[in-house]
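To start, the structure under review is shown below, and the notes come after it.
The values are calculated or read from the model by the stated rules, or taken from the named source; none is laboratory data. Remember, predicted model here, so these are calculated numbers, not experimental data. Glycine also receives a Cβ, built like all others from the backbone with ideal geometry; neighbour counts cover every protein chain displayed. Side chains are part of the model used for accessible areas, which takes the heavy atoms of the whole protein and leaves out ligands, DNA and RNA. Shrake-Rupley method; radii C 1.70, N 1.55, O 1.52, S 1.80 Å.
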Amino acid sequence: MSIKAFRGATMLKENNSVEMNDAVIELLNSILKNNEIKRDDLISIIFTATKDLDCSFPAAAAREIGLGDVPLLCSQEIDVKDAPEKVVRILIHANSNLDRKNIQHIYLRGAEVLRQDLAQ
């Protein structure tokens with residue numbers, strides 16, 4: 001077993017804490033389920049959000065589903081001209097037996113446009 005990185009992103013329609021929470025929980029659960037990641041194997045989770053999302057911290061959603069004992073970090077995305085808005089990205093580090101080629105990176109709610117080469 002070794003440390004692997006699992007990526008994902010989601011897009012929100014509105015800048016509000018309910019939608020943020022729902023979208024982040026959906027994305028976290030999808031990454032964990034599709035990659036068969038057990039909670040005990042989680043090492044850390046990094047969240048980034050575009051600057052137009054200021055309603056709440058994405059990490060709050062992780063705490064809500066019981067991931068409060070995992071180190072969590074929230075950061076702001078680099079503000080790039082004409083980049084998509086209302087995007088939350090997640091990078092999970094976890095112990096896993098998966099080969100890198102079998103990792104499923106998850107892009108939801110329109111975020112597939114960000115990385116069509118990785119989206120499932």
Practice task
Search segment 1-12 for residues being in a strand (DSSP E or B) and open to solvent by 30 Å² or more (accessible area, probe 1.4 Å), and hand back the single one that is nearest to GLN104 (Cα to Cα).
Solution key: ARG7
Completion exercise
Residues in segment 13-60 that are within 19 Å of ILE106 (Cβ to Cβ), among the charged types (D, E, K, R) and open to solvent by 60 Å² or more (accessible area, probe 1.4 Å) total 7
Exercise for the section: Working only within segment 5-25, note down all residues that are under 12 Å from the mean Cα position of the chain (by Cα) and in contact (Cβ under 8 Å) with a residue 60 or more places away in the chain. Expected result: ALA5, PHE6, ARG7, GLY8, ALA9, THR10, MET11, MET20, ALA23, VAL24
Exercise for the section: Within segment 61-72, work out how many residues are at pLDDT 90 or above, open to solvent by 10 Å² or more (accessible area, probe 1.4 Å) and not charged (D, E, K, R). Expected result: 5
Handout entry: Matching residues in segment 87-113 - criterion: being part of a helix (DSSP H, G or I) and either open to solvent by 40 Å² or more (accessible area, probe 1.4 Å) or free of Cβ contacts under 8 Å to residues at least 12 places away in the same chain (or both)
Key = ARG100, LYS101, ASN102, GLU112, VAL113
Handout entry: Lone unmet requirement of (1) outside any strand (DSSP E or B); (2) in contact (Cβ under 8 Å) with a residue 24 or more places away in the chain; (3) over 28 Å from ASP99 (Cβ atoms) for GLY68
Key = (2)
Practice task
Please verify whether segment 73-86 includes one or more residues that are surrounded by 18 or more Cβ atoms within 10 Å (Cβ to Cβ), in contact (Cβ under 8 Å) with a residue 12 or more places away in the chain and part of a strand (DSSP E or B).
Solution key: no
Exercise for the section: Return yes when PHE6 is among the aromatic types (Phe, Trp, Tyr) and at pLDDT 95 or above and no when it is not. Expected result: yes
